[in-house]
């Protein structure tokens, strides 16, 4: 289990847990969240995310990544101390208040 403020992230079962609520994640969402968590509060370049999560850096996959980021944001929105921010022209950062 990985603690993300009010959430627990169960990578093995690909779900976020907040209290009694369980939020299912797709395998790609879980991979993406783990990658961002491992670099928490540090910007991860788009190309790095694409290669590590999707194994491709094409434009089509890049747009899909943005959709997955949006889905993860919605699943994390109940806790304002955890957010995924866009670093324009560079990549994304998982920001967690300590």
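Could you tell me the calculated FRET efficiency between residue 2 and residue 88, based on Cβ-Cβ distance and R0 = 25 angstrom, to the nearest 0.05?
The formula returns an efficiency of 0.35 here.
Expressed as a rounded percentage, what relative contact order does the chain have, with Cα pairs under 8 Å and six or more residues apart?
28 percent.
For every helix of n ≥ 4 consecutive DSSP H residues, a contribution of -39,500 (n - 2.57) applies; sum these over the chain, divide by its total residues, and give [θ] at 222 nm rounded to the nearest 500 deg cm²/dmol.
It comes out at -10500 deg cm²/dmol, rounded to the nearest 500.
Just order 23-35, 66-78 by mean Cβ neighbour count inside 10 Å, highest at the front, would you?
Taking the mean over residues of other Cβ atoms within 10 Å, the ranking is 23-35, 66-78.
Which one, (i) 16, 54, 27, 4; (ii) 17, 48, 26, 8, 0; (iii) 15, 47, 32, 5, 0, gives P(r) over Cα pairs in 10 Å bins from 0, in percent as derived from the coordinates shown?
Looking at P(r) over Cα pairs in 10 Å bins from 0, in percent for this model, the match is (i).
Every read-out reported here was derived from the displayed coordinates using simple, explicitly stated rules and does not represent laboratory data. Keep in mind the model is a prediction, meaning the values are calculated, not measured. Heads up, the Cβs are rebuilt from the backbone with ideal geometry, glycines too, and the neighbour counts pull from every protein chain shown.
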